[in-house]
Amino acid sequence: MLAAAIGQFLVVLDVSVVNVALPEVRAGLGLGVTGLQWVVNAYIVTFAGFLLLGGRAADLFGRKRVFLLGIGLFTVASLAGGFAQSGGVLIAARAVQGVGAAVLAPVTLSLVTANFPEGPARTKAIALWTAVGTAGGATGGLVGGLLTDYLSWRWVFLINVPVGAVVALVAVRWLRDERAAAPRVRLDLPGAVLVTAGVALLAFGIGRIESHGWTALVPLTAGLVLLAAFVAVEARTAQPLVRLGLFRLRSVAVGNLATVVIMMGGFALWYFLSLYMQNVLEYSAVRAGLSFLPHTLGIILGSRLAPMLMERMDARLLAGAGGLMAAAGFAWQSVVLDAGGTFLGSILGPGATMALGFGLLMTPLVEASTRGAPDEEAGAVAGVVNTSRTIGGAIGLTVLGAAAAASGPEPVDGYAAAFLAAALITAAGTALVAFLPGRRA
């Protein structure tokens with residue numbers, strides 16, 4: 001559990017920790033606008049592309065070995081990024097970092113689902129995994145701001161090295177050395193190539209929609225074609241990367257669909273609120289990071305309460321209540337945003353509501369998305385869950401960004417429109433929870 005929690009924290013932290021350091025990175029390496037964008041995109045694209053491959057590799061070759069591979073790649077790439085002397089080296093290091101994170105993320109969840117049997121124990125473990133991962137995203141701005149302001153932008157990457165080394169030691173010492181489920185299984189290489197390229201192109205195309213318009217349709221279309229080919233290959237191969245029969249499980253199919261939609265709205269919580277605090281209220285990076293602490297505590301509290309509540313009530317009811325609370329928080333946030341806002345008047349109340357709602361929502365949703373899958377396919381299912389979260393966030397950023405841009409020239413009006421759109425999307429995703437299979441408390 002310790003290895004899974006810290007590994008997931010690192011993976012999610014590095015999605016956001018770099019953002020506040022970008023101005024210093026640009027000055028230090030002389031990067032242009034495009035190069036700076038690729039410092040962020042290189043991680044996201046490879047992370048999204050390799051998730052399913054990483055999840056299946058854990059099932060075939062053992063979770064301990066794949067965990068060590070993932071944390072090793074992530075740590076070495078962080079070291080290379082910290083000492084990079086050119087933009088090209090830093091972008092390459094970020095791409096390798098994304099591959100390591102993609103190998104690591106599904107293993108952390110499959111360690112939980114494979115080692116804790118269905119029921120209260122697994123629910124509590126998933127709640128901790130969810131809370132720690134979300135806390136990683138929430139504290140990224142604060143950690144990045146502190147390191148950049150008081151040390152150097154290079155420490156945004158170098159801080160991962162000692163942490164990664166400690167996690168590797170924990171894994172070597174305490175994780176069981178599991179062997180592959182069957183001695184003669186083979187990795188589905190055609191499927192791995194198709195899904196990796198397809199998801200990477202899809203994430204790349206989604207990220208280009210706002211800035212490149214119609215030209216983004218080229219990678220989007222290519223990604224969709226490759227994913228269609230992947231489905232065709234998986235339906236015919238004897239040892240598929242992801243067995244399509246898993247999606248006959250209503251919990252897996254509906255849970256992941258709901259995750260995609262809900263994460264489209266959930267991205268607004270961190271992204272647009274950070275822009276509002278820094279661009280409108282003129283908070284420093286450190287102050288903005290500190291202002292997110294109530295949000296982090298709200299998600300941790302919700303994740304802590306969720307297992308206890310799931311023992312006493314239908315998980316669908318809890319997820320629905322949490323989703324509606326998050327949607328109400330988004331709607332509230334859209335109303336109180338203004339150019340003269342304050343932390344107490346414009347951030348604390350709606351932010352705590354959104355965060356507590358998401359804490360109550362995500363634990364039963366992740367539990368449902370992995371329920372019923374056999375242990376030997378825990379990694380594949382974990383890869384699907386993580387891919388759903390990543391693609392949902394990428395699509396959400398584009399959709400909400402378009403809503404913000406269409407609202408007029410004033411930034412605060414755009415941020416308010418984005419939160420209103422997030423409220424509607426989150427409510428729609430929450431409605432899907434009703435189609436999950438029921439389970440006795």
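The values are calculated or read from the model by the stated rules, or taken from the named source; none is laboratory data. What you are looking at is a predicted structure, and each value in this text was computed from that prediction instead of being measured. As a convention, Cβ positions derive from the backbone with ideal geometry for all residues, glycine included, and neighbour counts pool all protein chains shown. Just so you know, the surface numbers come from the protein's heavy atoms only, side chains and all, with ligands and any DNA or RNA stripped out. Shrake-Rupley method; radii C 1.70, N 1.55, O 1.52, S 1.80 Å.
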Given the options 307, 117, 411, which has the most mean-square fluctuation in a GNM of the chain, springs set between C-alpha atoms less than 10 angstrom apart?
117
The answer for the stretch 331-372, accessible area per residue at 1.4 Å probe in Å², is 29 Å²
With label points set 7 Å from each Cα along the Cα-to-Cβ direction at residue 308 and residue 152, the distance between them in nm comes to 4.7 nm
Accessible area expressed per residue, the stretch 1-159, with surrounding protein chains retained (probe 1.4 Å, Å²)
33 Å²
Of 67, 255, 21, farthest towards positive along the dipole that unit charges on Lys, Arg, Asp, Glu beta carbons give the chain
67
Around residue 366, with a cut-off of 12 angstrom between Cβ atoms, what is the net charge of the other residues, counting Lys and Arg +1 and Asp and Glu -1?
+2
Net length gained if the chain between residue 435 and residue 118 were fully extended (0.36 nm per residue, minus Cα distance):
112.1 nm
Please give the FRET efficiency for residue 221 paired with residue 189, using the beta carbon to beta carbon distance and R0 = 25 Å, rounded to the nearest 0.05.
0.55
How high is the relative contact order of the chain, in percent, counting Cα pairs under 8 Å that sit 6 or more residues apart?
23 percent
Span-like helix ranges in the chain, DSSP H, alpha carbon extent 24 angstrom or more, Kyte mean at least 1.0:
33-61, 63-82, 87-115, 189-212, 217-236, 250-275, 293-310, 315-336, 378-405, 411-432
As a test of the formula, what do you get for the chain when each DSSP H run with n ≥ 4 contributes -39,500 (n - 2.57) and the sum is divided by the residue count, at 222 nm and rounded to the nearest 500 deg cm²/dmol?
-26500 deg cm²/dmol
For the chain, which whole percent of the accessible surface, found with a 1.4 angstrom probe, sits on carbon and sulfur atoms?
69 percent
Rounded, prolate or oblate, given the Cα gyration tensor of the chain, with a/c below 1.5 counting as rounded?
rounded
Work out the length of the dipole vector of the chain about its Cα centre, built from +1 on the beta-carbon of each Lys and Arg and -1 on the beta-carbon of each Asp and Glu, and round it to the nearest 20 debye.
1200 debye
Pick out, from 280, 340, 321, the residue whose Cα sits farthest towards the positive end of the charge dipole of the stretch 219-342, with +1 on the Cβ of Lys and Arg and -1 on the Cβ of Asp and Glu.
321
Would you mind working out the magnitude of the charge dipole of the stretch 343-415 relative to its Cα centre, with +1 at each Lys and Arg C-beta and -1 at each Asp and Glu C-beta, to the nearest 20 Debye?
120 debye
Modelled label-to-label distance, residue 86 and residue 166, 7 Å Cα→beta-carbon offset: nm?
3.5 nm
Assigned charges on the beta-carbon of Lys, Arg, Asp, Glu; the stretch 1-153 dipole about Cα centre (debye)
360 debye
If amide H atoms are modeled at 1.01 Å from N in the peptide plane, then the residues at a separation of 5 or more from residue 283, or on another chain, having amide H under 5 Å from its own are 278
Would you mind telling me which residue in 398, 259, 426 has the biggest mean-square fluctuation in a Gaussian network model of the chain, where springs connect alpha carbons within a distance under 10 angstrom?
398
